[in-house]
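Here's the structure, in structure tokens; my notes come after.
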Amino acid sequence: MTHLTEHSLVQGGRSAAFATACVRGGVAAGLGVGALAVLVIVAWISSPFPDSGAGGALHLAAGLWLLAHGVDLIRTDTLGGLPAPLGIVPLLPSLLPVWLLYRTARSTLDPADENRPRPSPAGTLGAVSGGYLLVAAVIVVYSASGPLPGDLVTAGLWLPGVVLGATGAGVWTALGRPLPGREETAAALRGAATGLVTLLAGGAVLAGTALVWRAGAARVSYEGLAGEWSGRVTLALLLLALLPNAAVWAAAYGLGPGFALGTGALATPLGLVGDPAVPPFPLLAALPPQGPGGWPQWAAAAVPLLAAVALGRSVGRSTGTGPTRETALAALGAAWASGAAVAVLAGAAGGPLGSGRLLAFGPVWWQAGAAAVLWGVAVGLPTALTVRAWGRRVPRPKQPKEPKPPKPPKASKRAGQAKAATPEPALAAATAPAAGFPREGAADEDEGYVPYDYFPASWETPLPAEPPPHTGLPRHTGLPLLPEPSPRTEPPRPSGTTGAE
């Protein structure tokens with residue numbers, strides 16, 4: 001009975017957690033709609049000549065919320081009376097619902113209170129997505145009675161895909177970002193992210209440079225579309241929302257396929273062919289001129305080149321300790337992953353702007369994705385292998401330099417003269433003159449020196465005929481040894497006066 005009670009309590013706790021997750025998903029959808037509704041109502045209030053009442057503003061907010069999820073809108077108030085699709089998604093407002101879904105799923109699976117029951121990862125994915133899609137269905141029905149109803153076909157395709165993708169990313173983050181397979185999977189994803197960020201940053205630089213170059217035409221278009229300050233503020237917000245789209249368009253232009261400017265018109269680095277159907281809009285003033293392209297257009301190829309090099313460098317550094325096959329597989333996986341991301345972004349950034357010639361407007365998703373894969377394989381793969389080989393090289397050990405002998409301390413001139421004048425002990429003993437006899441060269445040193453010319457009277461032992469050979473050691477024989485006569489000088493001779501016997 002106790003076991004059944006605990007089991008029922010656990011089941012009841014999980015059911016409550018599942019219901020809470022479903023409610024949290026609906027709240028996330030309501031927050032996104034509410035944020036857009038506030039902006040639209042503020043613009044409607046500040047407009048001096050509003051076309052409709054508050055109901056029309058709310059319908060417009062609902063349509064913009066659906067457009068941010070990739071749902072095409074249908075314009076019913078056209079000049080010809082025929083409905084025209086509107087499918088270019090402003091990418092900057094799309095970040096709001098995606099971020100709300102991501103945060104909701106992550107906080108639901110990883111609550112701050114550990115004692116509170118939480119649903120399983122699959123239950124979190126289903127509950128949060130289900131609650132969000134319920135509110136989305138209500139908004140689709142509500143927008144059908146407004147000036148910009150949502151297309152049911154794209155609402156059934158893109159809306160669930162965006163919701164499941166953002167919710168799945170939140171669940172994956174809450175689980176610690178686990179990756180299937182081996183280490184090359186993580187290296188491939190990091191390389192793809194690095195290449196994609198580099199490509200989009202380069203596209204933003206290209207778009208900004210072109211817009212600054214054609215600043216005069218852009219200003220004329222801006223002033224022609226909006227006269228009052230409220231209209232100019234609204235148009236500035238719209239331009240801000242479309243800046244990421246301009247970066248994606250410029251990235252697709254640098255990749256090679258370019259983008260379409262209506263049916264039969266295509267802009268690539270090789271030139272702008274066809275008759276473009278360009279409506280008056282400030283961002284479109286930065287388009288390249290008609291005709292064949294020159295070196296400014298060809299320089300756009302540096303953007304995908306840098307992106308592919310960054311992709312390969314990231315993969316090569318991540319897999320530098322593994323075999324060559326692992327690096328090659330990771331580089332190929334990064335190229336395909338970045339191509340898939342570019343295809344999704346290109347599909348969202350482009351789309352129809354109306355009927356007729358405006359049905360094809362912006363980059364073609366599959367062409368842009370295929371070009372990104374080719375750049376990654378052709379440039380990213382060799383770069384990854386080169387970086388890996390460079391990182392695995394064995395540096396040659398440097399030979400240690402021989403230490404220099406220490407320099408003798410510098411002595412003063414006086415100390416050097418004293419050292420030269422002081423003989424070594426053995427040499428001094430060997431060269432010391434006998435007592436009573438003058439030194440050789442002493443007369444040159446002292447002019448007043450007078451040598452002895454007689455021997456002392458106490459010397460009774462006669463002098464030897466020849467002095468014994470000098471050995472360098474003093475001999476105590478009673479008489480001092482006579483120094484050997486120099487070959488140039490003769491020893492002093494005694495005078496005629498002899499001592500007393």
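The values are calculated or read from the model by the stated rules, or taken from the named source; none is laboratory data. All values derive from a computational prediction rather than experimental measurement. Neighbour counts are summed over all protein chains in view; Cβ atoms, including those assigned to glycine, are modelled from backbone coordinates with ideal geometry. We work out accessible area using only protein heavy atoms, side chains counted, and drop any ligands, DNA or RNA first. Shrake-Rupley method; radii C 1.70, N 1.55, O 1.52, S 1.80 Å.
Worth a mention:
- Between S145, S107, the distinction of being assigned to a helix (DSSP H, G or I) and among the hydroxyl-bearing types (S, T, Y) belongs to S107 only.
- For A122: the one exception among (1) open to solvent by 50 Å² or more (accessible area, probe 1.4 Å); (2) among the aliphatic types (A, V, I, L, M); (3) modelled with pLDDT of 95 or more: (3)
- For the stretch 217-235, the tally of residues that are part of a helix (DSSP H, G or I) and either of a type outside the set (A, V, I, L, M, F, W, C) or under 28 Å from W365 (Cα atoms) (or both) stands at 11.
- Selected residue (only one of S94, S129, S120, S143 is hydroxyl-bearing (S, T, Y) and more than 20 Å from G168 (Cβ to Cβ)): S143
- Filtering the stretch 200-247 to residues that are among the aromatic types (F, W, Y) and either open to solvent by 80 Å² or more (accessible area, probe 1.4 Å) or touching a Ser or Thr at 6+ places or on another chain (Cβ under 8 Å) (or both) leaves W213, W229.
- Of the candidates S338, S314, the single residue that is open to solvent by less than 20 Å² (accessible area, probe 1.4 Å) and polar (S, T, N, Q) is S338.
- Candidate set from the stretch 129-143 (those that are closer than 20 Å to F18 by Cβ and out of contact with any Gly (no Cβ under 7 Å at 6 or more places or on another chain)); member that is surrounded by the fewest Cβ atoms within 10 Å (Cβ to Cβ): A137
- Scanning the stretch 236-270 for residues that are in a strand (DSSP E or B) and modelled with pLDDT of 95 or more returns no hits.
- Any chance E223 is among the acidic types (D, E) and touching a helix residue (DSSP H, G or I) at 6+ places or on another chain (Cβ under 6 Å): no
- Restricting attention to the stretch 248-266, the residues being of a type in the set (A, V, I, L, M) and open to solvent by 20 Å² or more (accessible area, probe 1.4 Å) number 1.
- Condition check for V141: over 18 Å from G25 (Cα atoms), β-branched (V, I, T) and free of Cβ contacts under 8 Å to residues at least 60 places away in the same chain: yes
- Candidate set from the stretch 348-369 (those that are assigned to a helix (DSSP H, G or I) and in contact (Cβ under 8 Å) with a residue 40 or more places away in the chain); member that is surrounded by the fewest Cβ atoms within 10 Å (Cβ to Cβ): G356
- Subset of the stretch 175-188 that is surrounded by fewer than 18 Cβ atoms within 10 Å (Cβ to Cβ) and touching a residue at least 24 places away in the same chain (Cβ under 8 Å) - its residue that is farthest from T319 (Cα to Cα): L175
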